[in-house]
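The values are calculated or read from the model by the stated rules, or taken from the named source; none is laboratory data. These numbers were taken from a predicted model, which means no experiment stands behind them. Counting neighbours? That spans all protein chains shown, and the Cβs are built from the backbone with ideal geometry, glycine included.
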Amino acid sequence: MNPLNNHFTEQEEQRLGVSHENLEGWVPTLATDSEFHEAIEKAFDYRGDLTLTLKDGRVIVGYLFDRKIGGPGLADSFIRVMPKDSAEKLKISYSEIAGIAFTGKDTAAGKSFAAWVKKYNEKKALGETNIGIDAESLEE
């Protein structure tokens, strides 16, 4: 970290796993299996709700909490989703999904370890003591 500006170098950010990609609002193209798999991996790491459009016309809004890649074909793999307004957990084959949209607020955006250290250093530089960075409310 550069002590003069409290910023991490690009190498340090990569080592800490900092991601600068903002996926809120993204609607990926699912034209190829490769694009589909990439979108599912990003959806799995996303900390917000997704809107899934299934090939049978159903629309499911919820949190993707698990995925299983069972083989090269889309029919061999599935995701598990907790619908927003339900306690049930759905298992959905990749081959059933027509579209994915990153529609929910990403609750982890800006909350990386690097962001926490930056806030800590800013408070420390201002002379604050007993520094604690409290969790922010997830409610909007």
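Out of all the residues in region 69-106, which are modelled with pLDDT of 95 or more and of a type in the set (Lys, Arg)?
Once the filter is applied, which keeps residues that are modelled with pLDDT of 95 or more and of a type in the set (Lys, Arg), region 69-106 yields Arg80, Lys89, Lys91.
If you go through region 25-63, how many residues are part of a loop (DSSP other than H, G, I, E, B), in contact (Cβ under 8 Å) with a residue 40 or more places away in the chain and farther than 13 Å from Met82 by Cα?
The total comes to 8.
Do we find that Asn22 is at pLDDT below 90, more than 18 Å from the chain's Cα centre (by Cα), assigned to a loop (DSSP other than H, G, I, E, B) and exposed (fewer than 13 other Cβ atoms within 10 Å of the Cβ) in this structure?
Taking the combined requirement at face value, the residue does not satisfy it.
Based on what the data block shows, is Ala87 surrounded by 13 or more Cβ atoms within 10 Å (Cβ to Cβ) and either in contact (Cβ under 8 Å) with a residue 40 or more places away in the chain or assigned to a loop (DSSP other than H, G, I, E, B) (or both)?
For Ala87, the condition - surrounded by 13 or more Cβ atoms within 10 Å (Cβ to Cβ) and either in contact (Cβ under 8 Å) with a residue 40 or more places away in the chain or assigned to a loop (DSSP other than H, G, I, E, B) (or both) - is not met.
One residue is enough: does region 112-132 have a residue meeting the conditions at pLDDT 90 or above, part of a loop (DSSP other than H, G, I, E, B) and hydroxyl-bearing (Ser, Thr, Tyr)?
Checking region 112-132: not a single residue is at pLDDT 90 or above, part of a loop (DSSP other than H, G, I, E, B) and hydroxyl-bearing (Ser, Thr, Tyr).
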